[in-house]
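The values are calculated or read from the model by the stated rules, or taken from the named source; none is laboratory data. This is a predicted model, so every value here is computed, not measured. Neighbour counts are summed over all protein chains in view; Cβ atoms, including those assigned to glycine, are modelled from backbone coordinates with ideal geometry. These accessible areas exclude ligands, DNA and RNA; they are computed on the full protein's heavy atoms, side chains included. Shrake-Rupley method; radii C 1.70, N 1.55, O 1.52, S 1.80 Å.
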Number of protein chains: 2
Amino acid sequence: MGLALAALAALPCHGQDAADNSAPAVQALHAHLAPTPAAMLASAPESAWRAIDPDDILYVKLPQGRVVIELAPQFAPRYVANIRKLVRQGFFDGSSIFRVQDNAVVEWGDPSGRKSVGLARRMVAAEFERPARNLPFTALPDPDTYAPQVGFSDGFPAARDPVFGRAWLANCYGMVGAARGNNVDSGGGTALYAVIGGPQRQWDRNTTMVGRVVAGMSLLSTLPRGDGPLGVYLDRHHWVRIESVQIAADLPPAQRTPLEVLRTDTPTFTQYVEALRNRRDPWFKVPAGRVSVCSIPIPVRSKASN
Amino acid sequence: MGLALAALAALPCHGQDAADNSAPAVQALHAHLAPTPAAMLASAPESAWRAIDPDDILYVKLPQGRVVIELAPQFAPRYVANIRKLVRQGFFDGSSIFRVQDNAVVEWGDPSGRKSVGLARRMVAAEFERPARNLPFTALPDPDTYAPQVGFSDGFPAARDPVFGRAWLANCYGMVGAARGNNVDSGGGTALYAVIGGPQRQWDRNTTMVGRVVAGMSLLSTLPRGDGPLGVYLDRHHWVRIESVQIAADLPPAQRTPLEVLRTDTPTFTQYVEALRNRRDPWFKVPAGRVSVCSIPIPVRSKASN
């Protein structure tokens, strides 16, 4: 038995999409006065969206469905190249998610650090940060707890230090990084993690970030939490099988997930951020006036292929 | 087949509890030089911990187990009093979790706003903030995106405006608030929410916060996400049954969950926060030097009753 959608109007709901509960007339009025985030996106021009290079897309096939990751070679060229090699050798096929830590991360790949890497490398020199120079960066005016400046670069939440001229990716929800041991250069992409809870900004500049989950997050965020230290599943029977990891470019177009991501370097994006910073939806009584870099979901839409 | 714990040493793990992977000798050395958060807690004096008044504890009984909530009457006296009345009338017994929004909230109680409230009230005047005067407050020196000052008050993450002399609770992971409609005074505790993902600080001062989940968070955070707008389960068959909600004081001591919470107004807590701010575990290479109020888990421990 379905809950009638009309009943939603009576729901004592709250929060970021509360405008959806408003009567259409009120929504239209609001969109005219000061657009809500949802209204902003609905009226965004086609040019505000971008496709993703299929060579930068990983498909992680779980029994429950497909998780889609956009890689960030501009931040971690050596790691991304190595991950592509691992993927194309089938390194992750039949591997597992072996760690799920509540309000923190899921981690997958090779937990032993001993599985053969073939023509790829087991360890790659760390890429924790990069020069800020020549890097597109849409800076936020909002103060940040952790970094001198935060914003977005090519669709990824990032931070920047103007004095030292360095930039790095931020450990926000959905961001993907390479696990490592205590040695900074001991990662290489054979084990990867995704942030499934609150931001883990204390890891910024401590791991090589390699991308972001752009679809399928809830397949990861709802996994049972591990019972061991750091959320490791102590019983191997609890490990979640990864059927395969593939690169979109290696699949025929019909088998790809047709996605587009909102560009982060356009007036549309700036307006979208402003709509989040000062919510004008009828539900909000005290607009925050500020917004955190990790509280700005980067919109992704399904785009039917031609 | 169990994964031997010894194998953890080889795990390419990372993150907040990575010290647990170190050899004991290294851990002991580190605890001496600069304690890790885990070492801090292990050596905390008994006086650093506190019991919770059983009249301020809610037990939410789900089919999967018990969720424990500590109420915050110092921030929302009218709402907490009303919620106690609702609970003692059995208002929530047999009710449901009807909304689970990924990286946001779960919401439970009465979605219709029409269920009889008996001797309680359906709507209670908003308690979004309170005077800062006479409120215990352990301020953090770290900058915050949303508020002039953040810190902890009686075990809850909070914010303060010294100029206007106001204080309010922060929508961090695990915090519990009262849902409402567009009218500020339309809540009352008949529907409650808990933050299950990243902080929802844009809701600060927009909802009446009534407490915090102190145990059982993963029972909420792993629930399947709703398929409707705002994460509402469109199909009532997906609603998660709440068998009962009870106040600990109304149960015999043997049926209570014996918990203690780390006090937030002691030197121990300040040292714990500093250990999070500047991680000295061997895994960390660049200590953040700052810490966000929502990135400081307030420790809870099981305390066997005498």
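What number of residues within segment B:133-152 satisfy the criterion of being closer than 19 Å to residue B:73 by Cα and free of Cβ contacts under 8 Å to residues at least 40 places away in the same chain?
Total satisfying the criteria: 3.
What's the number of the only condition in (1) more than 14 Å from chain B (Cβ to nearest Cβ); (2) assigned to a loop (DSSP other than H, G, I, E, B); (3) surrounded by fewer than 21 Cβ atoms within 10 Å (Cβ to Cβ) that residue A:264 fails to meet?
Among (1) more than 14 Å from chain B (Cβ to nearest Cβ); (2) assigned to a loop (DSSP other than H, G, I, E, B); (3) surrounded by fewer than 21 Cβ atoms within 10 Å (Cβ to Cβ), residue A:264 violates only (3).
Condition (residue is facing another protein chain (nearest Cβ under 10 Å), modelled with pLDDT of 95 or more, open to solvent by less than 20 Å² (accessible area, probe 1.4 Å) and touching a Lys or Arg at 6+ places or on another chain (Cβ under 9 Å)) applied to segment B:234-246: is it met by at least one residue?
No - not one qualifying residue is present in segment B:234-246.
Would you check which residues across segment B:50-67 are farther than 11 Å from residue B:216 by Cβ and open to solvent by 30 Å² or more (accessible area, probe 1.4 Å) and list them?
B:50, B:51, B:53, B:54, B:55, B:63
Tell me which residues, restricted to segment B:205-225, are open to solvent by less than 20 Å² (accessible area, probe 1.4 Å), in contact with a strand residue (DSSP E or B) (Cβ under 7 Å, 6 or more places away or on another chain) and part of a loop (DSSP other than H, G, I, E, B).
B:207, B:223
Need the failing condition index for residue A:295 against (1) under 21 Å from residue A:197 (Cα atoms); (2) in contact (Cβ under 8 Å) with a residue 60 or more places away in the chain, just the number.
(2)
Within segment B:96-109, how many residues are open to solvent by less than 10 Å² (accessible area, probe 1.4 Å) and part of a loop (DSSP other than H, G, I, E, B)?
Qualifying residue count for the region: 1.
Which of the residues belonging to segment B:153-173 are away from chain A (no Cβ under 11 Å), assigned to a loop (DSSP other than H, G, I, E, B) and farther than 21 Å from residue A:281 by Cα?
B:154, B:155, B:162, B:163, B:164, B:165
So, in segment A:120-138, of the ones that are touching a helix residue (DSSP H, G or I) at 6+ places or on another chain (Cβ under 7 Å) and open to solvent by less than 40 Å² (accessible area, probe 1.4 Å), which residue ends up nearest to residue A:90 (Cα to Cα)?
Step by step, filter segment A:120-138, then rank; the result is A:120.
Kindly establish whether residue A:75 is in contact (Cβ under 8 Å) with a residue 40 or more places away in the chain, under 22 Å from residue A:168 (Cβ atoms) and part of a loop (DSSP other than H, G, I, E, B).
So residue A:75 fits the description; yes.
Residues A:176, A:150: which one is of a type in the set (Val, Ile, Thr) and more than 10 Å from chain B (Cβ to nearest Cβ)?
A:176
Can you tell me which of A:116, A:112 is within 12 Å of chain B (Cβ to nearest Cβ) and either on the phi < 0 side of the Ramachandran plot or not in a strand (DSSP E or B) (or both)?
When all the criteria are applied, what remains is A:112.
Could you list, in sequence order, the residues of segment A:110-119 that are touching a residue at least 60 places away in the same chain (Cβ under 8 Å) and open to solvent by 40 Å² or more (accessible area, probe 1.4 Å)?
A:115, the sole residue that qualifies.
Of everything in segment A:179-194, what is facing another protein chain (nearest Cβ under 10 Å), open to solvent by 10 Å² or more (accessible area, probe 1.4 Å) and not aliphatic (A, V, I, L, M)? Give them in sequence order.
Across segment A:179-194, the qualifying residues are A:181, A:182, A:183, A:186, A:190.
Within segment B:277-300, does at least one residue satisfy the condition of being of a type in the set (S, T, N, Q) and farther than 30 Å from residue B:96 by Cα?
Yes, there is a match, as at least one residue in segment B:277-300 is of a type in the set (S, T, N, Q) and farther than 30 Å from residue B:96 by Cα.
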